[in-house]
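Input: a single structure, listed below in structure tokens.
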Amino acid sequence: MLKGLDPRLNAEVLFALRAMGHGDLLVIADTNFPADSIARQTVFGELLRMENLTAGEAAEAVLSVLPLDTFVDDFAGRMEIVDSPDEIPPVQMEVQAAIDAAEGRSRPMVGIERFDFYDRAKQAYAVIQTGERRFYGCFMFRKGVIPPAS
């Protein structure tokens, strides 16, 4: 254990988050997402796991150390429900709440069509697979910057 770090963050996840640069994409995926095959195509090249957590719990832990990009509208995205792209299921509401808490304000995620999500995920820096079993528990976060002290 380390002081000041969420204990849900494991060493491999912390390593990848630290290595990411401004604008890099991180995928947080549910258990049904083709995480291993897509992760092999990412910059990091191997699947990261937070299997004992829901998507909301994983997002909360990740956002405790990862700043979101403030320069773009697609700072965070959610996989849209097929044939119902505007519907926001409870799993996505939980992740939105984690984003809003981390940002200190409401910043709605953008919707990403399912197959577009898969294509974008292949271009991501890394993929984290969670233990989330609810459908459409797949998200993308774009890393931002930490400003100078003053």
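The values are calculated or read from the model by the stated rules, or taken from the named source; none is laboratory data. Model, not experiment: these values are computed from the prediction. In this analysis, Cβ positions are derived from the backbone assuming ideal geometry, glycine residues included, and neighbour counts consider all displayed protein chains.
Annotations
- Selection within the stretch 94-109: residues that are assigned to a loop (DSSP other than H, G, I, E, B) and of a type in the set (G, A, S). The member of this set that is surrounded by the fewest Cβ atoms within 10 Å (Cβ to Cβ) is G104.
- Test: R78 is surrounded by 12 or more Cβ atoms within 10 Å (Cβ to Cβ), of a type in the set (D, E, K, R), closer than 14 Å to F135 by Cα and touching a strand residue (DSSP E or B) at 6+ places or on another chain (Cβ under 7 Å): yes
- Filter pass, F15 being in a loop (DSSP other than H, G, I, E, B) and among the aromatic types (F, W, Y): no
- Candidates are the residues of the stretch 61-96 that are among the aliphatic types (A, V, I, L, M) and more than 18 Å from L26 (Cβ to Cβ); the one that is farthest from the chain's Cα centre (by Cα) is V82.
- Checking V127, V62, V91 one by one, the residue that is surrounded by 15 or more Cβ atoms within 10 Å (Cβ to Cβ), touching a helix residue (DSSP H, G or I) at 6+ places or on another chain (Cβ under 6 Å) and outside any strand (DSSP E or B) is V91 and no other.
- Verdict on D6 being under 26 Å from F115 (Cβ atoms) and of a type in the set (D, E, K, R): no
- Failed item in (1) farther than 29 Å from R40 by Cα; (2) touching a Cys at 6+ places or on another chain (Cβ under 9 Å), with A121 passing the rest: (1)
- Scan of the stretch 110-124 for residues that are β-branched (V, I, T) and either at pLDDT below 95 or buried (at least 16 other Cβ atoms within 10 Å of the Cβ) (or both), ordered by number: I112
- Contact map, the stretch 85-101: residues that are within 16 Å of M140 (Cβ to Cβ) and touching a residue at least 60 places away in the same chain (Cβ under 8 Å) paired with residues that are assigned to a loop (DSSP other than H, G, I, E, B) and acidic (D, E), Cβ distance under 9 Å, separation 6+ or inter-chain. Pairs shown: V91/D30; V91/E132.
- Selection count where residues are assigned to a strand (DSSP E or B) and closer than 18 Å to K143 by Cα, scope the stretch 44-59: 1
- Only residues that are surrounded by 19 or more Cβ atoms within 10 Å (Cβ to Cβ) and basic (K, R) were counted across the stretch 27-48, and they come to 0.
- Among the residues of the stretch 16-55, those that are hydroxyl-bearing (S, T, Y) and touching a strand residue (DSSP E or B) at 6+ places or on another chain (Cβ under 8 Å) comprise T31, T42, T54.
- Subset of the stretch 94-109 (residues that are out of contact with any helix residue (DSSP H, G or I) (no Cβ under 8 Å at 6 or more places or on another chain) and more than 21 Å from L17 (Cβ to Cβ)): R105
- Summed over the stretch 131-150, the residues that are more than 20 Å from V43 (Cβ to Cβ) and in a strand (DSSP E or B) give a count of 0.
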